[in-house]
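This report refers to the structure that appears directly beneath it.
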Amino acid sequence: MRLIECYIEGFGKLHGYHHSFGDGLNVICEDNGFGKTTLTVFIKVMLYGFDETKKHSIAENDRKHYLPWSGGVCGGWLIFSHGGVEYKVERTFGSRASEDTYTLYRTETGKVSNEFPSGLGEQIFGIDSDGFERTVFLSERRFSVKNDNKSVSAKLSDLVGFEWDVGALDDATDALDERRKYYQHKRGGGGHIGELRDEIAACESRIIEITRSSEELAACERELEEAKATLTVLEARRQDAIKRSTQGEAVRQYRQKAEELEAKRAQKRALTEQLGGKVPDEAELYYAERAAERAHLIEERLEGAARIRSRNGEIADELARAREYLKGIPVKVKRKAPVWIFLLTAIFGAAGALAVSLVTAVGIALIACALVSLAVGAVVLSRKSKEEISPAAVEFARTYGYTCTSPDECVRALSAIIAALEAEGAIIGRQCRELGELEDELARKRTEAQKPLEGISGLGERPYLTLRRLLSQHTQLEALISELERELDGYARTSGLDPSLVGTPSTDKEEHSDPRELDTEIHAQRVRIATLETRCNAHRDRLKEVDEVRDRRAELEEQKALAEEKVRLISLTREHLLGAKDSLTTKYLGKTRERFAHYLSLLSTEKPELFTLAVDFSITKDEAAKGRPEEAFSLGTRELYAIAARLALADSLYGEEAPPLILDDPFCHLDDNRCAAALAALKEVARERQIIYLCCSRSRTL
């Protein structure tokens, strides 16, 4: 599907506006307030019409928002191609849906078309208006990637061959939620269960009220219970006396086995004390061994740490020397001819002139000497300026393979040396920082490795192997103790021995009660119990109401338990429905995840494998072995992820007849680098589909 041309007679602030759309990327860059968002909404309502809403706020009611501000006709037309056919849709809108008009033409014939009698967007794309906005619209006002639109889910279901309507699953879930509300409200104590709970509480209050008026019954029952308890003790003493008189060898063997069991328990306690009072489990020991191995690897990597840090200091010293030598190179200095040469030339010239008049040969010789002095001065003056270089700088440069014969060469050599040292210093500095991080990790891993060994002595050079041996002994002792306990219990049952009556060896020397004397006491106690029961029954006859209330409470508790069971079944059914929906969603999520990884690699340098796209299209990123939700990142970062996810969803939903992507200034919160990457990605996407990109800044245009 491709947009070709549109005309707005009146829509929001736009009047008599005409625009033609080309293939690929269409950029509309206008100032704030021009009506860019208005244009995007116009395209949507041309395809879907206005969404019905009862909201009165202009911000939440598009019909009220976009009726022409200055009056007049609201509407226009849109020309588009679909399935190789070009159509023109005309719509006008009134203050209510009944006043709207809709006409569709085939542009090649100019005749009215009945191919899409209603729901133009739904029939072309297979999703409703909200789903259309959630997939191909990207704007500031709706940037979230999470999807709860039923039509989008239904279309994705069709793409994977699912025969049910996903919306039916949502409807069933809603029905279960509604039924659950009857039984139990999510908040507060309302619902049928709450009513039962209140009635049970009323019954309990009534029972307490009746019980308070029955102090005599309570006292009688307490006395009766005490009498029964005394009878139980007497009967137990009688049985004990009978058993002690008949049991002998069985008691001795039982004690022998009990002593063996106690010896094993003592061994276990001693071993537990050797383990520091705690017994580490296999998982703790496994992770400690892994931490020790990691610490060993880090120690091997840190073997050259001193050399690297030493080299870091050497580089700093060498840089300081090189910079000092560079600052110490002087400028060129010109030498002046000595004054004595000029004085000597003048003296010889004057004397020669005087001598010529007196003695010709002497005068000529003096004049020759003056000329020689003048020549020497000229030679000195004609010498080129001498260039002075510090020998230490020359020697320093030679150590790095440079030969310096002039200040310029020395400057170039020292500059090259400084650049090389700075580059090496940056590398060594980064290595020093990495060494610091490794040292921190080494400290943590050593702590983790020592955790299960704390408080345990005598483990030797191979502590983990020794600890595993001790743990094996501890496990064997536990198994042996359990076996001895079962054997002891079985022996007591087969021999008819009561373990509670065995006692210690000294018990054999104690005097035991005579069974005949105990029979007399038991008879007297039974007579007393019969008397107390008669008294209690008399009290109960006067308090029958409490039984009726308790029966009612039991009935209510049964109803409450049944209602709670229904709530449990409703919750379980709802979980299965949601699981089925998630299972379905997972089927079509594969392609979406692939496209998400593709677009994310275009938009950023982050690794796509660190991201997870959930069934509701929410995004998490793995950082420090923990998934962080998209809400934990900055607004610009979230928008970058949302762009990739939205483009991936659009690819999954639509085939060759995909609608154009309509982007209403979606990159306004991105930094320059991410904005450039996003714009480059748009160019890539525009090779395959039409894009309408609107923005208000030239810095965000292509």
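Pull out the extension gain between E439 and R106, defined as 0.36 nm times the separation in residues minus the alpha carbon to alpha carbon distance; nm, one decimal. Difference between extended and current length: 112.4 nm.
Model label sites at Y402 and L578, defined 7 Å from Cα along the beta-carbon direction, differ in position by 7.1 nm. Taking a straight Cα-Cα cut-off under 17 Å and skipping sequence neighbours fewer than 8 places away in the same chain, the aspartates and glutamates within cross-link reach of K264 are E273, E478, E483, E485, E487, D489. Note that the range 13-150 presents 49 Å² accessible area per residue, ligands and nucleic acids not counted, probe 1.4 Å.
Accessible area per residue for the range 405-447, computed on protein heavy atoms with a 1.4 Å probe, is 56 Å². Among rounded, prolate and oblate, which fits the range 613-702 when a ≥ b ≥ c are the square roots of the eigenvalues of its C-alpha gyration tensor, a/c under 1.5 means rounded, and a/b larger than b/c means prolate? The shape class here is oblate. Going down the table (K55/K181; K88/K683; K591/K621; K181/K566; K64/K88), which pairs top 22 Å between alpha carbons? In this structure, K55/K181; K88/K683; K64/K88 exceed 22 Å between Cα atoms.
Within the accessible area of the range 591-702, the carbon and sulfur atoms contribute 48%, probe 1.4 Å, all protein chains present. May I ask you to give the percent of accessible area on the range 190-242 that is carbon plus sulfur, with a probe radius of 1.4 Å? Roughly 50 percent, rounded to a whole number. What FRET efficiency comes out for I347 versus R309 if R0 is 60 angstrom and r is the Cβ-Cβ distance? Round to the nearest 0.05. Step by step, r from the Cβ atoms, then E = 0.25. Once the chain from R469 to S571 is taken as fully extended at 0.36 nm per residue, the excess over their C-alpha distance is 31.9 nm.
Between A392 and K683, the simple spin-label model (points 7 angstrom out along Cα→Cβ) gives 5.6 nm.
Solvent-accessible area per residue in the range 211-324 equals 64 Å², computed with a 1.4 angstrom probe and all protein chains kept. Using every pair of distinct Cα positions in the range 595-647, the Kirkwood expression returns a hydrodynamic radius of 11.0 angstrom.
Report, in whole Å, the centroid distance computed from the Cα atoms of the range 275-335 and the range 3-57. Distance between centres, Cα-based: 62 Å. Ordering L653, A676, S618 by the projection of their Cα atoms onto the charge dipole of the range 616-694, which places +1 on the Cβ of Lys and Arg and -1 on the Cβ of Asp and Glu, puts A676 at the extreme positive end. In a reduced charge model with +1 at each Lys and Arg Cβ and -1 at each Asp and Glu Cβ, the range 586-702 shows a dipole moment near 120 debye about its Cα centre.
Fully extending the segment from E225 to I522 would add 105.4 nm, taking 0.36 nm per residue of separation and subtracting the current Cα-Cα distance.
The values are calculated or read from the model by the stated rules, or taken from the named source; none is laboratory data. Note that the structure is a prediction, hence the values are computed from the model and not measured. When we count neighbours, we look across all protein chains shown, and the Cβ atoms used for this are built from the backbone with ideal geometry, even at glycine. Please note that ligands, DNA and RNA were not included when accessible areas were found on the heavy atoms of the full protein model with its side chains. Shrake-Rupley method; radii C 1.70, N 1.55, O 1.52, S 1.80 Å.
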